[in-house]
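Below is one structure, written out as structure tokens; comments come after it.
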Amino acid sequence: MPIAVDIDVMLAKRKMSVGELADRVGITPANLAVLKNGRAKAVRFSTLAALCEVLECQPGDLLRWENEDVADG
């Protein structure tokens, strides 16, 4: 998937657990894990906004685009 999710980076910077983030955002730890591990097909703007509020960051700190067409070597 060309969209990479960097929630784990922000969790480490904020010294916060997945469980604490999920609780503060209002989603289940399982759903947060799906999002964090890049397996989500979509994310609601309200969830993204809540993540940004709790982690005190911008959406671009959590999501980035990676070009899949770049060949290795």
Next item on the list: Mind checking the per residue accessible area of the chain for me, 1.4 Å probe, whole number of Å²?
Entry: 69 Å²
Margin query: What distance in nm separates the two pseudo spin-label positions at ARG14 and ALA30, each 7 Å out from Cα along the beta-carbon direction?
Written below: 2.3 nm
Check: Simple spin-label model, 7 Å along Cα-to-Cβ: ASP61 to LYS41 in nm?
Finding: 3.1 nm
Checklist line | Overall form of region 3-65 per C-alpha gyration tensor (a/c, 1.5; a/b vs b/c) | finding: rounded
Margin query: Taking θ = phi - 60°, what integer Hz values does the Karplus form 6.51 cos²θ - 1.76 cosθ + 1.60 yield along region 11-26, in sequence order, with x for Gly and Pro?
Written below: 4, 5, 4, 8, 6, 10, 8, 4, x, 5, 4, 4, 4, 6, 7, x
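The values are calculated or read from the model by the stated rules, or taken from the named source; none is laboratory data. Remember, predicted model here, so these are calculated numbers, not experimental data. Backbone-built Cβ (ideal geometry, glycine too); neighbour counts: all protein chains shown. Surface accessibility is based on the protein's heavy atoms, side chains included, excluding ligands, DNA and RNA. Shrake-Rupley method; radii C 1.70, N 1.55, O 1.52, S 1.80 Å.
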